[in-house]
Amino acid sequence: MFSTCSDGRPFQSFSTNLEDFDSIRSVLLYSDLEPEWLDDVQKNGQLFYLELSDGEEEALLAQVSANHSAATNHVRFSEKEAEIITDNAKRQANSSNKSEAKLKKLTKILRRKRRPSQRKAEGKDSSQRPASILKNQAGQRPGVVVQQQRLKDVCVYLNPKRLSSVSSSSADRGGLLEALLGVVHRPGGNTGKRGGKLIIHGLIPHSPASKCAEILIGDALVAVDDVEVTSENIERVLSCIPGPMQVRLTLETVCPAGVSPESKVSASPQVSQLVRLLWGEDTIELQMSIADVPHIAMFLSLRLDSETQQDEQEIVYQYPQSEASAQLKAVRGIFLTLCDMLENVTGGQIISSSLWLQQQLVHVGYWKEESNLLVIAVPASRVPLLYLQTVIEGVVRTLKVMYGSLDRGFSDVENAPRLDHFFCLFFQQLIQPSRLIHSSRTPDLYGSLFLDGLPAVRWLTLPPDIKVEVDTVLSDFESSDFGDMSEDFYGMRRLYVILGSCLFYKGYLIANHLPKEDLLDVCLYCQHYCLLPLASEQRVAQLVVWREVFPQRRETRNSTAHPGYCQPHARHFLLIVGLRHFMQCVLLEAGGCASSAVGRPTPDSVYVDQVKATLLQLESLDAGIEERLSAPPTPCLSCADWFLPAGGRSQQDTIGSSPILNRLTAAIKPPSPGGIGRSLFGEAGTVGIRGRRASPQRSQSDSGSEGHADGTPASVARRDSLGSGGSDGSLGSAGFLKMPRLKHPNPFYLGSLRKSLSERETEEMQNVLQVTAGVENTLFHYVLMESVQGIFIAPTHTEIRHLSGSIHPQLIHNFQHCCLSIRQAFQQSLPTRDRRGPERQSTAGLGPVKEHGVLFQCKPQNWTDQKKPAPTMTYWVIGRMLLEPVPQEFYVCFHDSVAEVPVEMAFRLSFGLAV
Amino acid sequence: MLQAETLQLLCLTASSGVPLFSRGSSKQLPFSVIGSLNGVHMFGAGHGAQLSSCETDRGSRVVWGVFQDSLMLIAVSGSGGSSISQLQLRRLLENVWNCMVLVLGQDELSSIRNVERLKRELRSCYRLIDMLLERVNDEEGFMGDLTQCTDCLLPSHSGLLLQEAVDSFAQATESEFGCLLLNGRVARATEKWWSRLTPQEVVVLSVLVRSLADASSCDYPVFLPKGSPTVAIRLLSFQLLPGVHVCVLCGPKPSLHNASELISRFWSTLVENLRTCLEQAKRSSLPPSVSLRWDVQALLLINCDSRRALTVCPRVRVGAPAEDTPPLISTARRLELLRLFYVFAVTRYFTSQESTASDFAQGFTHVPVQCYLVTDECKCFGLQSPQHQLFLLMDPSVPTFALRTVATQTLSAITSATGF
C-alpha cells in the first residue's frame, strides 16, 4: 500500500511539512489548553464529540438572517420600552455595516448550497414578510391588526465553549443570559408587575439571539428546551448546557392575528437533521415522522423462563416505541415460533419472512445467535427482500464491532440509550435518507443501499505525488515516534500500539494502512454514524470519536490459518478524528506489546493531538486533492440525456436552470432535414446569444457547434476547463447524431486511464486524440470493486453533478437498483460460507453466475409531440464477477449502441485502474 | 425433519384450523408442526398481520395462502440442492385451490358445513393435487403451472385440417370450447377456448384431462374457477389415439353417447394425420419447418396476448458443426434451469401477468426489456417484447455478445414460421 518514493521529489516538499509538523506538535504539547472534548467523555470512556465549524454555524444562522434580511433592525416599537430601543438602535447603527458585509458573503455561500425546496420555502416566507413589517408598524394601522398573546418557539445555536472569549466583565454583569444568549434583561422596573418574567429588554449584537432574528425586544422568555424559566433560575438552566448545541427557546410574544406561527417555525432553519441526530438531540421529531411506517428492531431471548410469568420478559431490547412498531411487537410470537419450528422441521435457520401489515408488505429479517434472536422489520418498499440479508448482516457486524457480541451489547441496560441512538440512525437512513443528508449529492436510497452493502469503501485515486505524501505522513504517525511526547521517552510501556489507520477526504478513502477486514469494520462504523457524508461538507470543526471496538478479524481467532501464530489477547480502540474535510480513523491496540488496558480507558489526549497534528499537516494537500476531485472524470462519462433528442418542452424547462442544459438542448435539437448544418448552427447561435448573458463559456460551445456544422472534425479540447463539461457533451451528442452509430467506440477509455493523473500535462497535449474518443463515449456509470483490498471506485459526486440532466439521475438510480439484483445473483451463487454451522452442500439453483446484464429502455417523460412516437434510448447495466487473477466485481452502465466485443475486452482488462 | 427436495402441501380450515389433508412425497409432518404452522398465521391475522411467506438459510420456504376465508393452504418446501422459489410455491397454492374449485365447486369450499364430509370429498382432488406437486419438478417440460399459460404444441403440417376438425366438432356438440391435446399439450383449440377461458382455468383443465388420460371417453362435471365457480358444466373428453385427446366443455346436451358417435364422424379421417403429429410431437414441440440453432439448449416462448407457452427442449443436437461438441446437459437439469431462469427474470425484471410484479421490479425507473445471465453451465437470455417473452438457454460456448442476436433471430424464426 505504501509506495516507496524513489524519485525523491516528494521529499522536498515533505521536509518543509515536517518542520510544520514539529511546530504543530510542540504547540499542541506545550499549550496546556484543556481539549474541548474532555467534558463529553462518557462514564464508560467513550467519546463522540462533534463540533461544527464556525463558518458552518454562522452560515446556518445567516440563513435566518437571509430570510429576514433586516435581522439586526428587528425591533418592535412599543411605548413602554422606548428608552431601550434608542439605546439599542445606537448600537446597531455602528454594527450593521460590518455584519452586512459578512452576511453578504455567507448568503452567497448559502445560495449555492441551498436546494430548490428550500428556495421555495424562502420564497413563501418572503411573500409573508410584508405581514411582519406590518406588525412592526402596527401603530399606523390601529384597529386592523388584532394583537394577541401567543407562544412561539425559536431555535438558537449556543456554544458555551466560546464563553471564554467573551470578556468576563460582561459575563459578570448580565450573567449567562447576556453572555451566552445575548439577551439583555434588566431586573426591576416594570418586571415587578409581570411577576419574575424574563422580559427581553435588549439584544446584544452578533449574539445568537440577535442573529436568529425571531427574538424581539419585549418578548418574554418562558422556557428553554421545555424547562420553564424565570429570572431566578435562568442562570442555572443556561449553565446546564454542556456543549455546543441547539436549544429551543419558548417566547411569549404579541403577534398580530393572521400571521400563523407555524409558518415562522417552518421557516426557521435548523442545524441539519443529521448533525442533530448525531448530537443525540431531537430524535423524537424524526421518529414521529416515520411513526406510521412499520419498522422495528427487537432482540428476543429464546430461553424462556417458564416459572416467572412476566409479561414481555422475552424482549431484551426493542426500538422504537411507536404505534406501528407496537403492532409488530405484538406479533413477536410469530417470529419466535417460526425460528424455533423451522429449525426443527427443515434443519435450517430462518432468515426472513414477509407479512402484510395495513396493506403494506413488511419484510422481517432474522439473526439468531446462541439463544437470542435479533429481528429487524422494514417495509418492503425500502429494502427489497433480496437485499434484506445484506442489510441485516451489516447491522450485526457493526454491532459486533461495537460491542463484541450481540448479547453483550443488548443485555447491558447501560447500553440501551446508545442502542436507541444506533437504531434511530439506522432506520432514519433506511426510511428517510433525504431528511438526514441535505446536500448537493442526491441521496438515493437504492444507491446508498447498494454502495453501503458492498464489502468495500469508496476510494479516490490520487496523483502519485500526493499519494506518496499522504502515505508518508500516515506512516510517520503510525510509527508512534512522538518524540518527547511518547511514553518511550519517559521509559514507560506504551499505552497503545497503533495497528494502522485510514484517511478519508470528503468521504472518500484516500489512504489505508489497515488490513481489509479491519478497514471494513471501521468503515461500517463510519457509515452507520454517517460520518462520511458529514465530512464531505464543510461541517466539521472538530470530530473526536473514541470507543472500544472488537475488530471481527481479531475476535474470531482462527489458529488454523496461521499455524504457530495467535492473536495477542488485547483490547482494541478506535479513534476517529475529523478536521474539516479530512477524517482519520486509527485502530489502537492495548495489551499485546503495549500495556494492557484496565477498566474503561478514556481517550488519551496525546494520541488525539497527534492525529490532529497529522491532519493539520495534511491540510496542505487539500488543494491537490480538490484539484483531483474537480478534474474531468477518468474514464470519461457521458450523460444519458445527450443520447435522447430533446422534446419540445425541454427548451422552456431548462432555460435558466442550468447553462449546461441550455447548451445541451441547443446541440441536441434534432436537425431538420433541410440543412443540418444550417439549422444546427442557427440553434446554437440563438442559444449562444441568450446564454452569453449568463456565462462567458457559452461562446466556446458555439464555436464548437459551428465547427461541427461546417463539417470540420471537432478539435476542441475534450478536457478543457471544468465548467465546459457541458459543451464537450453537446459536441459529443451533436457528433452522435450526425455520425453513423456503427463505429466501434471503445466505451472505457482504457487509454486515458492508463495515463496516470500525474501526466496531466502530457495528457493536455494529447487533447486532440482525446476528442475523437470523446465523441463516441457511451459509458454512463460504473462501479469497480476490488474485493481483496476492500475498496471500490465509482464516479465522484462532482463528476456526476457535472452530468446534470433529467434522465441521467434516473439512470443512476436505475443502475444502482439493478446492481442490487446483480450483486445478489453473484452472492447467491457463491459457495456460501455458512454463517452458522457446517457449510452448505452444493450450490443450488442457477449455479455460479459470472456475468449478468439487463437492458433498459427509457423514454423521455411527458413527450409532447403526438405525431411522432417518443424516441427511446436503450442502455445496458452489466455486472461481472471475476475471481481470477484478483477477485473483482464490475458494474457498468453504457449505451446500447456499443458493439459488444469491447465490452468483453473491457471486462477482461478490468479498466486498467492501478489502485 | 423434512427431507431435502421434498414438498408438503397442507390444507386446513381457515377458521378452526382443522387439518383437511396433507399431500407430499415424504412422510407427513407431525401434527404439532401442522398446528403451529397454522397457529402462527392465525395469531398474526388476529393482530392484523397477515403472514405470507418465510425462508431459511438453506432455501426451505413456507408459503401461506387463505382462500375465500374458508380454507388455508400451506406449502412447505424442504431444503436441498434445488430450492423451490417462492413464486413457484405461490402459484402451486393457487393452482391447487383452482383444482379444488374445478372438482368441487366454490360453494362447497367456501361454506363448510360438515368438515368430515368435505374431507371425504376432497379425496377426489388428490390425484390432481399430486400431479401439480409433481409438476413443480416436472421432467416432461410442462411449465403451465408456473407460467400461468397453456402449454402448447405447434403441429407441423395439416394444422388447418386439425383446426377445422376441432371447430366443427365443437360446433356439432353445441359447444364453444373445444381443444385437441397431444401428450397433454394443447395442439389446437377453438377461438373461444383462448379468449374466454382464463389461463388458470386452462392450466387446471389440461391437468384434469391428463389425469383422465386412461379413459377412452368420459363425462366429467367441472366448475370453472373464474368462469362459473358455482354452476357445473360438463367436460367431455375422448381419447382418439393413445396420447391424443379431444375435449369440449358443454351444457346438458349432447349425451356422452351422442358425442362419441360424432367422434368417428369428424376424426376418423384424420387418424393418419394425428399419428404423424404425435410422432413429431415426441421429437419436438416445434414443427420441423422451424430449425433452431444447434447450440440452443432449451427455450420457453410465451405469447402474452393469448397466454400460450411453448417449451422446447431438444433431445439431441442437430447439426452440431464438430463431433467434439460436449453433450447436452440432462433434460431434467435443462428444464430446471429454464424454470429457474424464468422465475429469476420474472420476479426481478419482467412484468409478467396481473399481480406478480414484485416490489423489486416496481423499483425501476426505466423498463427492463432484456436480460442475460452467464453461468458455468449455460448462458441464459431473456427477452420481452409487447407480445412475446422468450427465455433461452444456450451453450456456454456461444459468445456473450452474440446472445442477443441469437435470441431475436430465434424469436423471429419461430413466430414467422408458425404465427405463434
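Six or more apart or on different chains, Cβ atoms under 7 Å: show the pairs whose first residue is in region B:130-149 and of a type in the set (Phe, Trp, Tyr) and whose second is open to solvent by less than 40 Å² (accessible area, probe 1.4 Å).
B:Phe142/B:Arg135; B:Phe142/B:Asp151; B:Phe142/B:Gly184
Might you let me know whether region A:380-389 holds any residue that is among the hydroxyl-bearing types (Ser, Thr, Tyr), at the interface with chain B (Cβ under 7 Å from one of its Cβ atoms) and under 22 Å from B:Gly48 (Cα atoms)? Walk me through how you get there before you give the answer.
Taking region A:380-389 first, the residues among the hydroxyl-bearing types (Ser, Thr, Tyr) are A:381, A:387.
So of that shortlist, the ones also at the interface with chain B (Cβ under 7 Å from one of its Cβ atoms) come out as A:381.
From what's left, under 22 Å from B:Gly48 (Cα atoms): A:381.
Yes, the conditions are met somewhere in region A:380-389.
With (1) without any contact (Cβ under 8 Å) to a residue 24 or more places away in the chain; (2) closer than 23 Å to B:Trp193 by Cβ; (3) outside the structural domain of B:Arg185 (by TED's automatic domain parsing) as the list, and B:Ser264 as the residue in question, which single condition is left unmet?
Of the numbered conditions (1) without any contact (Cβ under 8 Å) to a residue 24 or more places away in the chain; (2) closer than 23 Å to B:Trp193 by Cβ; (3) outside the structural domain of B:Arg185 (by TED's automatic domain parsing), the odd one out for B:Ser264 is (3).
Of the conditions (1) open to solvent by 10 Å² or more (accessible area, probe 1.4 Å); (2) assigned to a helix (DSSP H, G or I), A:Leu615 clears all except one; give me its number.
Answer for A:Leu615: the failing condition is (1).
Just one of B:Thr276, B:Thr356, B:Thr347 is modelled with pLDDT of 85 or more, out of contact with any His (no Cβ under 7 Å at 6 or more places or on another chain) and surrounded by fewer than 18 Cβ atoms within 10 Å (Cβ to Cβ); which is it?
On the way: B:Thr356 fails: modelled with pLDDT of 85 or more; B:Thr347 fails: surrounded by fewer than 18 Cβ atoms within 10 Å (Cβ to Cβ).
Answer to the selection: B:Thr276.
Which residues, counting only those in region A:337-356, are facing chain B (nearest Cβ under 7 Å), in contact with a Leu (Cβ under 6 Å, 6 or more places away or on another chain) and among the hydrophobic types (A, V, I, L, M, F, W, C)?
Matches in region A:337-356: A:Val345, A:Ile350, A:Leu355.
Is it fair to say A:Ser787 is touching a Lys or Arg at 6+ places or on another chain (Cβ under 9 Å), surrounded by fewer than 22 Cβ atoms within 10 Å (Cβ to Cβ) and at pLDDT 60 or above? Steps first, please.
Numbers: touching a Lys or Arg at 6+ places or on another chain (Cβ under 9 Å): yes; surrounded by fewer than 22 Cβ atoms within 10 Å (Cβ to Cβ): yes; at pLDDT 60 or above: yes.
Judged against the criteria, A:Ser787 is a match.
Report every pair of residues separated by at least 6 positions or lying on different chains whose Cβ atoms are under 7 Å apart, first residue within region A:357-372 and more than 10 Å from chain B (Cβ to nearest Cβ), second surrounded by fewer than 17 Cβ atoms within 10 Å (Cβ to Cβ) and assigned to a loop (DSSP other than H, G, I, E, B).
So the pair list comes out as A:Ser371/A:Leu302; A:Ser371/A:Arg303; A:Asn372/A:Leu302.
Please work out which one of (1) in contact with an Asp or Glu (Cβ under 7 Å, 6 or more places away or on another chain); (2) open to solvent by less than 20 Å² (accessible area, probe 1.4 Å); (3) more than 12 Å from chain A (Cβ to nearest Cβ) is the condition B:Gln387 fails and give its number.
(2)
Scan region B:140-193 for residues that are among the charged types (D, E, K, R), assigned to a strand (DSSP E or B) and open to solvent by less than 40 Å² (accessible area, probe 1.4 Å) and jot them down. Break it down stepwise before answering.
Narrowing region B:140-193 to residues among the charged types (D, E, K, R): B:140, B:145, B:151, B:164, B:167, B:174, B:176, B:185, B:188, B:191-192.
Now drop any that are not assigned to a strand (DSSP E or B), which leaves B:151, B:185, B:188.
Scanning region B:140-193 gives B:Asp151, B:Arg185.
Can you pull out the helices (runs of 4 or more DSSP H) entirely within region A:513-570 that have at least 1 residues that are crowded, with 22+ Cβ neighbours inside 10 Å and at pLDDT 80 or above? If you could, list the steps in order and put the result at the bottom.
Numbers: elements: A:516-528, A:531-536, A:552-555.
Correct list: A:516-528, A:531-536.
When only residues in region B:52-61 that are within 7 Å of chain A (Cβ to nearest Cβ) and not hydroxyl-bearing (Ser, Thr, Tyr) count, which is most open to solvent (accessible area, probe 1.4 Å)? Don't jump to the end; show me each part of the working.
Pass one, region B:52-61, residues within 7 Å of chain A (Cβ to nearest Cβ): B:52-60.
Imposing the further condition that a residue be not hydroxyl-bearing (Ser, Thr, Tyr) reduces the set to B:54-55, B:57-59.
Working: B:Cys54: 5, B:Glu55: 44, B:Asp57: 25, B:Arg58: 81, B:Gly59: 9 Å².
Restricting to residues being within 7 Å of chain A (Cβ to nearest Cβ) and not hydroxyl-bearing (Ser, Thr, Tyr), the top hit is B:Arg58.
Listed here are the residues, each with its yes/no results for (1) crowded, with 19+ Cβ neighbours inside 10 Å; (2) modelled with pLDDT of 85 or more.
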{"position": "B:Leu2", "(1), (2)": "yes, no"}
{"position": "B:Gln50", "(1), (2)": "no, yes"}
{"position": "B:Ser70", "(1), (2)": "no, yes"}
{"position": "B:Ser79", "(1), (2)": "yes, no"}
{"position": "B:Asn95", "(1), (2)": "yes, yes"}
{"position": "B:Cys99", "(1), (2)": "yes, yes"}
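Restrict the check to region B:104-112 and report whether at least one residue is buried (at least 22 other Cβ atoms within 10 Å of the Cβ), of a type in the set (Val, Ile, Thr) and over 28 Å from B:Arg188 (Cβ atoms).
no
Out of B:Ala320, B:Ala281, I need the residue that is assigned to a helix (DSSP H, G or I), of a type in the set (A, V, I, L, M, F, W, C) and at pLDDT below 85. Which one? So that I can check it myself, show each step before the final result.
Values: B:Ala320 fails: assigned to a helix (DSSP H, G or I).
Step by step, each of B:Ala320, B:Ala281 is checked, and only B:Ala281 is assigned to a helix (DSSP H, G or I), of a type in the set (A, V, I, L, M, F, W, C) and at pLDDT below 85.
For A:Gln313, indicate whether it is part of a loop (DSSP other than H, G, I, E, B), open to solvent by 20 Å² or more (accessible area, probe 1.4 Å) and more than 9 Å from chain B (Cβ to nearest Cβ).
Values: part of a loop (DSSP other than H, G, I, E, B): yes; open to solvent by 20 Å² or more (accessible area, probe 1.4 Å): yes; more than 9 Å from chain B (Cβ to nearest Cβ): yes.
Answer is yes for this residue.
What helices (runs of 4 or more DSSP H), lying completely within region A:366-477, carry at least 2 residues that are modelled with pLDDT of 85 or more, within 16 Å of A:Leu524 (Cα to Cα) and more than 18 Å from the chain's Cα centre (by Cα)?
A:385-403
Could you grab me the full set of residues in region B:215-228 that are crowded, with 18+ Cβ neighbours inside 10 Å and over 19 Å from B:Lys253 (Cα atoms)?
B:Pro225
Quick check: anything in region A:331-346 over 27 Å from B:Gln86 (Cα atoms), assigned to a helix (DSSP H, G or I) and open to solvent by less than 10 Å² (accessible area, probe 1.4 Å)?
Filtering region A:331-346 down to residues over 27 Å from B:Gln86 (Cα atoms) leaves none.
No, the conditions are met nowhere in region A:331-346.
How about region A:371-381: which of its residues are surrounded by fewer than 21 Cβ atoms within 10 Å (Cβ to Cβ) and closer than 21 Å to A:Gln816 by Cα?
So in region A:371-381, the residues surrounded by fewer than 21 Cβ atoms within 10 Å (Cβ to Cβ) come out as A:371-372, A:379-381.
Residues satisfying the conditions are A:Pro379, A:Ala380, A:Ser381.
Please count how many residues of region B:28-51 are out of contact with any helix residue (DSSP H, G or I) (no Cβ under 8 Å at 6 or more places or on another chain) and within 7 Å of chain A (Cβ to nearest Cβ).
We begin by selecting, within region B:28-51, every residue out of contact with any helix residue (DSSP H, G or I) (no Cβ under 8 Å at 6 or more places or on another chain); these are B:28, B:30-32, B:34-35, B:38, B:41-42, B:45-46.
Applying the additional criterion that residues be within 7 Å of chain A (Cβ to nearest Cβ) yields none.
Summing the residues that are out of contact with any helix residue (DSSP H, G or I) (no Cβ under 8 Å at 6 or more places or on another chain) and within 7 Å of chain A (Cβ to nearest Cβ) in region B:28-51 gives 0.
Do any residues in region A:38-53 that are farther than 21 Å from A:Leu534 by Cβ have Cβ atoms under 7 Å from those of residues that are assigned to a loop (DSSP other than H, G, I, E, B), where the two are at least six apart or on different chains, and which pairs are they?
Short answer, once both residue conditions are applied: A:Asp39/A:Pro242; A:Asp39/A:Gly243; A:Asn44/A:Arg600; A:Gly45/A:Arg600; A:Gly45/A:Pro601; A:Gly45/A:Thr602.
The values are calculated or read from the model by the stated rules, or taken from the named source; none is laboratory data. Computed from a prediction, not measured in an experiment: that's the story for all the values here. All Cβ positions, glycine included, derive from the backbone under ideal geometry; neighbour counts span all protein chains shown. Areas reflect the complete protein model, heavy atoms only, side chains present, ligands, DNA and RNA absent. Shrake-Rupley method; radii C 1.70, N 1.55, O 1.52, S 1.80 Å.
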